[in-house]
1. When you look at residue 200, is it at pLDDT 90 or above, more than 30 Å from residue 104 (Cβ to Cβ) and β-branched (Val, Ile, Thr), yes or no?
2. Residues to consider are 292, 321, 312; find the one that is in contact (Cβ under 8 Å) with a residue 60 or more places away in the chain, among the basic types (Lys, Arg) and either more than 29 Å from residue 165 (Cβ to Cβ) or not assigned by TED's automatic domain parsing to the domain that holds residue 359 (or both).
3. If residue 115 satisfies every condition in (1) of a type in the set (D, E, K, R); (2) modelled with pLDDT of 95 or more; (3) part of a loop (DSSP other than H, G, I, E, B) but one, which is the exception?
4. Considering only the range 275-283, I want to know if a residue exists there that is at pLDDT below 90, in contact with a strand residue (DSSP E or B) (Cβ under 7 Å, 6 or more places away or on another chain) and not aliphatic (A, V, I, L, M).
5. So which residues in the range 295-309 are more than 24 Å from residue 273 (Cα to Cα) and either part of a loop (DSSP other than H, G, I, E, B) or without any contact (Cβ under 8 Å) to a residue 60 or more places away in the chain (or both), if there are any at all?
6. Scan the range 213-230 residue by residue and report those that are in contact with a Ser or Thr (Cβ under 7 Å, 6 or more places away or on another chain) and over 14 Å from residue 332 (Cβ atoms).
7. Quick one: in the range 23-38, of everything that is surrounded by fewer than 21 Cβ atoms within 10 Å (Cβ to Cβ) and either within 17 Å of the chain's Cα centre (by Cα) or modelled with pLDDT under 90 (or both), which residue is farthest from residue 91 (Cα to Cα)?
8. So residue 101 clears everything in (1) buried (at least 20 other Cβ atoms within 10 Å of the Cβ); (2) out of contact with any Asp or Glu (no Cβ under 6 Å at 6 or more places or on another chain); (3) at pLDDT 95 or above; (4) assigned to a strand (DSSP E or B) except one condition, right? Which one?
Amino acid sequence: MRKALTYILTLMLMGCSSSSEEPKSPQEEQQPMLSLYVYAPEHPMMTRGNIGETTASEQESKVTRLQIWVFEHSDGKFVAYYEPTSTDNLNGVKGGDVYQVPVSRDFATRRPRVDVYVLANVTEANTGKVYNKNTPLEDLKAAPLDDSHFGASPLTIEVPSDGLPMSGVLLNQPITGETPVLRIGTDYSEMATVRLVRMVSKMHFVFGALAGSNVTITGVSIDANQLASVEYMFLDGPYTGRNSHIWSYVEAPVTLRSSGSPLSVNTVADPLEYIFVDGVEDAQTYEERINKAVSEKTLSSIGPFYLHESDKQLTGTINYKVNGNDMDPVQFVMAEEGDFTRNHTWLVYAYYGDAVLQFNLVNVNSWTDKEVRNHDVYNW
């Protein structure tokens, strides 16, 4: 009798225990996801001042690999890592895409503010570095682009097959939305955007000489302590179009063309024809005209070079000969500090006319991304 009573009580207790568990809602059962929008660098490049826009090449804008890290802002605690299998939408007409990153249920409940770090095209082949899910936040903050990649030696004159390295960062961002679909953004209708920025800048030299002249370029160099020797991959804040993050500078002049590889300058009827005049033509038309003249060998060219950034007012020297005789070197100077921070491009047109080499310097302010807007999440 006692055994039977014990068995019945056990069944009653089991039944009470089972009935006390409430079924989980479908939302609780689903994996929480954190959404954010990433913009790739677009083809337009904004010129300095009111000059206008020019067009970057497809290779200069292409994203071949994307890596996303999310950390809690208060203490740097790891939240999530995501590497999409496709970057097609970044390279397509949209130029951007929404990414959903899996996060823990604890994170979805607490919703702390976050920092987001994004790298594009960072591979061992084109940066010498490899980062992954296990990379701590401090290592990302200190990630360097060293001088052996896009630095003074060897010079980079073509876009690598893995693309130009890019980065983007968002700091101290709130989390909104309803579990399981959360998003990084300031309110319930908008999603924050990570803007990718090329880590390097571009410099191009073009030369012309008056018909009947015999001009040879025997050297082109950037002065010492101008270009970054090592720069940080990430900026320490949002991209403003003028900010940089430099570790150290190249202590010696950077040689872009040496006397051992002289360049014979092509001659034209009127070298002044290729000077840029603000207000007469826009930057896109001018660049196309210059590139056409170079491709047709009307003008001579050195570069373009993809180089580390600089926050300084760059200066440099061009050495040349006329009729085989060395002439006094001439110096070129950028208009302002910050004209060669990351994501900028600079065209130097040097022409020989009345017994002296002169310059027409066109500062292109940046390879500007598409206008970054907050996106209504219901459109995605």
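1. Yes: the conditions hold for residue 200.
2. Residue meeting the stated conditions: 321.
3. Single failed check for residue 115: (3).
4. Yes: one or more hits.
5. 308, 309
6. Taking the range 213-230 and keeping what is in contact with a Ser or Thr (Cβ under 7 Å, 6 or more places away or on another chain), we get 213, 216, 218-219, 221, 223, 226-230.
Within the range 213-230, 213, 216, 218, 227, 228, 229, 230 meet the criteria.
7. The qualifying residue farthest from residue 91 (Cα to Cα) is 23.
8. (3)
The values are calculated or read from the model by the stated rules, or taken from the named source; none is laboratory data. This is a predicted model, so every value here is computed, not measured. Positions of Cβ are backbone-derived with ideal geometry, glycine not excepted, and every protein chain shown enters the neighbour counts.
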